[in-house]
Number of protein chains: 4
Amino acid sequence: MPSIAKLGHVAMVTKDIDKSLWFWRDVIGLDEVGNDGETVFLRAWGEFEHHSLSLTEGPESRIDHIGWRCGAAEDVGAYAALIEESGIAVTHVDGDTQTGHGDAIRFTAPGAFPYEFYFEVDKPHLNGERTSRLKNQSGKPHHHGISPRRIDHVNMRAADVKGFEDWHNDFLGFKTREYITMPDGTVLGTWQSVTTLVHDVAIVLDPDGRDGQFHHVAFYLDNWQDILRAMDILSEHEIKPDLGPGRHGISQAFFCYVTDPGSGIRVELFSGGYQIFDPDWEPIEWKLSEADYGVTYWGADYVIGELPAMDRTVTC
Amino acid sequence: MPSIAKLGHVAMVTKDIDKSLWFWRDVIGLDEVGNDGETVFLRAWGEFEHHSLSLTEGPESRIDHIGWRCGAAEDVGAYAALIEESGIAVTHVDGDTQTGHGDAIRFTAPGAFPYEFYFEVDKPHLNGERTSRLKNQSGKPHHHGISPRRIDHVNMRAADVKGFEDWHNDFLGFKTREYITMPDGTVLGTWQSVTTLVHDVAIVLDPDGRDGQFHHVAFYLDNWQDILRAMDILSEHEIKPDLGPGRHGISQAFFCYVTDPGSGIRVELFSGGYQIFDPDWEPIEWKLSEADYGVTYWGADYVIGELPAMDRTVTC
Amino acid sequence: MPSIAKLGHVAMVTKDIDKSLWFWRDVIGLDEVGNDGETVFLRAWGEFEHHSLSLTEGPESRIDHIGWRCGAAEDVGAYAALIEESGIAVTHVDGDTQTGHGDAIRFTAPGAFPYEFYFEVDKPHLNGERTSRLKNQSGKPHHHGISPRRIDHVNMRAADVKGFEDWHNDFLGFKTREYITMPDGTVLGTWQSVTTLVHDVAIVLDPDGRDGQFHHVAFYLDNWQDILRAMDILSEHEIKPDLGPGRHGISQAFFCYVTDPGSGIRVELFSGGYQIFDPDWEPIEWKLSEADYGVTYWGADYVIGELPAMDRTVTC
Amino acid sequence: MPSIAKLGHVAMVTKDIDKSLWFWRDVIGLDEVGNDGETVFLRAWGEFEHHSLSLTEGPESRIDHIGWRCGAAEDVGAYAALIEESGIAVTHVDGDTQTGHGDAIRFTAPGAFPYEFYFEVDKPHLNGERTSRLKNQSGKPHHHGISPRRIDHVNMRAADVKGFEDWHNDFLGFKTREYITMPDGTVLGTWQSVTTLVHDVAIVLDPDGRDGQFHHVAFYLDNWQDILRAMDILSEHEIKPDLGPGRHGISQAFFCYVTDPGSGIRVELFSGGYQIFDPDWEPIEWKLSEADYGVTYWGADYVIGELPAMDRTVTC
């Protein structure tokens, strides 16, 4: 069976690329690593692919696609076959037309999410002032802005959480790590991973019953304190976070959520969490009655449908 | 002119001394340093007086008094004379009847706050497992619970903020460091100190026009991270903070507010802030229109009168 | 091919079990989770197996075995066959005779290291004051002592680093992540993992040409600041660390090394590091000339053979 | 009696102003706030005077003077009279010839240290991108480099520690807070302050019996973690610290010492420490036998005369 190795990148379309660039590059502190005239590519200093974020201007902000790196070169084709067999149309993308990675496939996953799978990548070769002395890092940390280490996960909202979750597990090889159930058994949210992270992807019920809603992409910082420093930096830039700082019980994340003013796309600044190395992990169920501290171990409360800043999504 | 050297202690009366002791000793992590059968005395590990908090059981929770240590032995008497001259009754307290300090005076300050002034103190001589290797600390840090370093300030609510503020400055030698004004010029809140701290005392307008309302006592922790660790500890003890973590613009405090479930008295866990060494400090005015980020530089918003958990006070 | 899922536990024999228990339980802050009269079992609060450390008294301190949890039940037997085929004797251990895990195999790996492989484990079911509110943790953090989250890796010294490294990779499925080479090409040290951690095991050349030398077991803490707090706690217990705090370039670890005074076995308190999710990771070579900041990105210098406190090992 | 309010600034002469500017502005992260063609003035973001550091090029690196801000305008003249009376020559400096402060006096204090006293200062009025939203800060934190908050103290070496200490206390109004004595009673080092800080100045015995040796100026950072981040930044700039990170018992400082490659003048990056609010503080004596953990509570050991990197001084 083919496998996914990791979340690779999120390709964003933004209504205001100048404001988005200011946000992601200058405030969040990603490095601009390429610009083909239409699309700007950005990377965090601790990443080993060409980019983890791209920004293209367009009439409406949206997620163009979510890129997943496969576990082996042959997995891209193997997934293409499996997915087509299941009745989902697959588009083949020639690596020559792409910046930063090789041949890829694209398709719309259940829940209306645009996925891209690829394996070959251009590995970063930084020169000059952005090169770290550390041979195991692609760039220099603490260079400017908030300066996260790497992309961590994506969080989406859909109408049928369980359906999307099962497809992730059955077709793509994800494992459910934690989930919330409502009294009638409906799955309200699920945290799934292909790695040892608690989640590479989370899916939460859309309160309006829509599919294809992108809630946030997360970037990882090494220390909780780095997120407090980020709060200062956001405030000095007169950016008001959507929520945080606080700590989730589920995933154990120390978090701050903040929205790119250019695109309306949200980022979670994320530190901590935990790793699952045990092969026989039993998914942890949080009943709705426990979800209060499951969602908010501490920090400002968040209930879906009650905090407009956190409920905004961008359609894929 | 006599002077106050520092905030010394807060003497609390609690309806439920067992629950209060659990909170202040086991959760907050103060050391129990004395118990005369009626009153329990507690101290943080970085303090140089006998105690900074006392708990006595009583029918209603209240603040018995707020203890201020004077700058010199003769200042106690000098203050007594000054205060009596101004028409406020002063009670003399014999040191032999006190635990931890010598002769004192007590009086009700404008705004209906019970103050105690003293100079002589019993200095801590810990023995055994609580003694630090550091000769410049009275106790061992990190021993149990949240483990703050020292008492920092008190925050009260009164009907006439400006009146109380002026009396503090004119009679006691405080300096106003920062303050908030409403469009009509009324002072909404003031932060005052006798030390280089931004505030040893803050006074905020009581929304119900009452005097003698005690809002919180603050304890200082060395690092912001210590407050995040405190959040974990509070959550594990199923204690929900009133507000935080967050950062004030005024005072620059990184904070968490949490209420003793025994007495209903609130404590601010406080780190950071800044020092004022300049002798010609001009008090910083925050207009109400700026008070949003003055009060909440980041973290959950707080507006007086809109957050019941934070608006509860205890009458002195 | 069978797989190893993770490092499980280190079984220690100590000359002075009282002093070792004081160190690992009271100072390091592991929880004592079992005691069969002869052996004491300990676990960190964020672990999902029965224990990660055991202490048995004996005439000489040594490592009894290093326990690795396999990826599936059938892998234990599959490894047994493979290893026996390669000419290494394998002992079968009945799970009924074990505390905390099921049937296992034991054998002496190249380099004279006693390994144990198993799959079935007793999962923690804590009750009472040590149970976390978080359903995704087995215990309560911050309870006492330094309080690390989980076991992280082991570090051993051997005469033939490359030989042991190759066997790990070829027979057990490890991947080399980083390594140091001397001018003549000899491998001085190697960092290998089966997980996404940079290393589950490190092997370094023994300066005296011995095999079977155990250098340290590492425990992971969530934040760098937690290690600074640990430094305070160690100093208050009059324990002088062997090295630290400092940061390695290789593995990017923020570290402190300290030795159990009972057994002479060293622990690394470890935070930070990085994760390798990319499937085509090319092992990073550090030439000896680069090894100065590879070993010490910052903090006190360490050169093998020049710091007696760090060079002491315990024979397996 | 006149008083000193605080340490104001250190005026440095450097052999290589370009390298010094790179170090203090770009790496340490002070803001360049003035440049009169000959001298460059720098300030940290949390300071309320015009500058805390100045750099002037010269044939030999040295300290031109150490500037102390007096408690009141009239104190400058009062000190002039007192000091002249004691037989020390005083030079009057016209404020019109100075950048950032008004009329001043200069003299050579016992121990051959060039002191400047002044009161009037130009207060910072930043505009544009460096202005903080916080009205109680002069600049924006986290803007570039290590970004300390404020100047903290100076540390000098002299032949007669006790003589200099006494003169500080008797003539200038300092208080001794902590000190180290040798078996014969000689004072090896002393920590003195006019503020509530443990030390605004420290004086340590010069191992070569010289006077007028400047050891370091310290800058304060809010959190211990900020110093760990500084270690990363220094290492990425290929600057090897002289010592650290570590923690002193005396003063309780969490520290890193690092030398400006342009001038050879050392800076201590300093966080933590403690405050002395008690008016009857008894100076804490550390006997030489206790000085090991008094000097190094934890971190790399430092003994005067045994660590060349830390023993280098610059002559005033």
Got the relative contact order for segment A:147-230 handy, in percent, Cα pairs under 8 Å and 6 or more residues apart?
43 percent
Shortest-first distances to equivalent copies, position residue D:207, nm, label 7 Å out along Cβ
2.3, 6.4, 6.8
Cα-derived Rg over Rh, computed across segment D:66-119 with Rh taken as Kirkwood radius
0.94
Chain A - mean residue ellipticity at 222 nm from DSSP helices (-39,500 (n - 2.57) per run, n ≥ 4, rounded to 500):
-4000 deg cm²/dmol
Along the positive direction of the dipole of chain C (beta-carbon charges: Lys, Arg +1; Asp, Glu -1; about the Cα centre), which of C:316, C:202, C:188 reaches farthest?
C:202
For segment D:167-219, inverting the pair-averaged 1/r of distinct alpha-carbon atoms gives a Kirkwood value in Å of 12.1 Å
Remind me, relative contact order of segment D:3-45 in percent, using alpha carbon pairs under 8 angstrom and six or more residues apart?
23 percent
Per residue of D:136-143, other chain Cβ atoms within 10 Å number on average 5
Defining the label point at 7 Å along Cα→Cβ, can you sort the distances from residue D:86 to the same site in each other copy, shortest first, in nm?
3.7, 7.6, 8.4
Taking the label point as lying 7 angstrom from Cα along the Cα-to-Cβ axis, what are the distances from residue C:289 to the corresponding position in the remaining copies, in ascending order and in nanometres?
5.1, 6.5, 6.9
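State to the nearest 20 debye the size of the charge dipole of segment A:111-257 about its Cα centre, where the only charges are +1 on K and R beta carbons and -1 on D and E beta carbons.
Details: 15 positive and 21 negative charges, 146 e Å.
That gives segment A:111-257 a dipole magnitude of about 700 debye.
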Could you check how much of the accessible area of the protein assembly as shown is carbon and sulfur, as a whole percent, using a 1.4 Å probe?
49 percent
Could you give the C-alpha radius of gyration of segment C:1-141 expressed as a fraction of 2.2 N^0.38 Å, taking N as the number of residues it contains?
1.09
Please give the Cα centre distance for segment C:248-284 versus segment A:117-140, rounded to the nearest Å.
22 Å
Compute the whole-percent fraction of alpha carbon pairs in segment A:11-91 spaced more than 20 Å apart.
45 percent
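Using a probe radius of 1.4 Å on protein heavy atoms only, what is the accessible area buried between chains B and A, both sides summed, to the nearest 100 Å²? Intermediate values should be presented prior to the final figure.
On the way: alone 13800 and 13780 Å², together 26050 Å².
The B and A chains share an interface burying roughly 1500 Å².
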Just how much of residue A:99 is accessible, in Å², when a 1.4 Å probe is used and the result is rounded to the nearest 10?
50 Å²
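Can you bin segment B:274-316 into rounded, prolate or oblate? Criterion: square roots of the alpha carbon gyration tensor eigenvalues sorted a ≥ b ≥ c, rounded for a/c under 1.5, prolate for a/b above b/c, oblate for the rest. Before the final figure, lay out the partial values.
Numbers: a/c = 2.44, a/b = 1.63, b/c = 1.50.
Prolate, since a/c reaches 1.5 and a/b exceeds b/c.
Do you know the relative contact order of chain B, to the nearest whole percent, from alpha carbon pairs under 8 angstrom that are 6+ apart?
Details: 772 pairs, mean separation 57.9, N = 316.
About 18 percent, as a whole number.
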Residue D:214's amide H: which non-local residues (gap 5+, or another chain) put their own amide H closer than 5 Å, with H modeled 1.01 Å from N in plane and none for Pro or chain starts?
D:157, D:314, D:315, D:316
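Solvent-accessible area per residue for the protein assembly as shown at a 1.4 Å probe radius, Å²? Numbers along the way, then the final one.
Working: 41830 Å² over 1264 residues.
Spelled out: the 1.4 Å probe surface of the protein assembly as shown, per residue, equals 33 Å².
If you filter segment D:217-297 for GluC sites (Glu not before Pro), then keep DSSP loop positions with at most 14 other Cβ within 10 Å, what is left?
Numbers: sites: D:236, D:238, D:268, D:285, D:290; in loops: D:238.
Listed in order of number, the matching sites are D:238.
Past 31 Å, Cα to Cα: identify those pairs from D:19/D:140; C:135/C:162; B:175/B:240; A:140/B:240; A:6/A:287; A:135/C:19, in the order given. Working shown, then result.
Details: D:19/D:140 24 Å; C:135/C:162 42 Å; B:175/B:240 35 Å; A:140/B:240 40 Å; A:6/A:287 29 Å; A:135/C:19 41 Å.
Cα-Cα > 31 Å for C:135/C:162; B:175/B:240; A:140/B:240; A:135/C:19; rest within.
Sort segment B:141-279 into rounded, prolate or oblate with this rule: let a ≥ b ≥ c be the square roots of the eigenvalues of the Cα gyration tensor; rounded if a/c is under 1.5, and if a/c is not under 1.5, prolate when a/b is larger than b/c, oblate otherwise.
Working: a/c = 2.15, a/b = 1.53, b/c = 1.41.
Because a/c hits 1.5 or more and a/b exceeds b/c, segment B:141-279 counts as prolate.
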How would segment D:235-277 be classified by its alpha-carbon gyration tensor: rounded, prolate or oblate, with rounded meaning a/c under 1.5 and the a/b versus b/c comparison settling the rest?
prolate
Name the nearest-to-axis residue of chain D, judged by Cβ distance to the rotation axis taking chain D onto chain C, and quote that distance in whole Å.
D:300, 2
The answer for trypsin sites (Lys or Arg not before Pro) in segment D:12-66 that fall in a DSSP coil and have at most 13 neighbouring Cβ atoms within 10 Å is none
Over segment B:197-269, how many percent of alpha carbon pairs lie in each 5 Å bin up to the one with the longest distance?
3, 13, 24, 26, 18, 11, 4, 1
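Where the eigenvalues come from the Cα gyration tensor of chain D, what are the semi-axes √(5λ) of the equivalent ellipsoid, largest first, in whole Å?
Working: eigenvalues 145, 128, 71 Å².
Working from the Cα gyration tensor, I get semi-axes of 27, 25, 19 Å.
Segment B:34-93: which GluC sites (Glu not before Pro) are DSSP loop and have at most 12 other beta-carbon atoms within 10 angstrom?
Those satisfying the criteria are B:38, B:60.
Enter the per residue convex hull volume of segment B:61-187, computed from alpha-carbon coordinates, in Å³ rounded to the nearest integer. Write down the numbers at each step before the final one.
Values: hull volume 22.7 nm³, N = 127.
Enclosed volume per residue, from the Cα hull, is 179 Å³.
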Provide the three semi-axes, in whole Å and in decreasing order, of the ellipsoid equivalent to segment A:214-316 as defined by the square roots of 5 times the Cα gyration tensor eigenvalues.
24, 17, 14
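First obtain the Kirkwood hydrodynamic radius of the protein assembly as shown from its Cα pairs, then insert it into the Stokes-Einstein equation at 25 °C and 0.890 mPa s, and state the resulting D in µm² per second as a whole number. If you can, show how the numbers build up before the last one.
On the way: Rh = 32.4 Å.
Once the numbers are plugged in, D ends up at 76 µm²/s.
The values are calculated or read from the model by the stated rules, or taken from the named source; none is laboratory data. Note that the structure is predicted; figures quoted are calculated from it, not measured. Reconstructed Cβ throughout: ideal geometry from the backbone, glycine too, with neighbour counts over all protein chains shown. When the accessible area is computed, the model is the full protein with side chains, heavy atoms only, and any ligands, DNA or RNA have been set aside. Shrake-Rupley method; radii C 1.70, N 1.55, O 1.52, S 1.80 Å.
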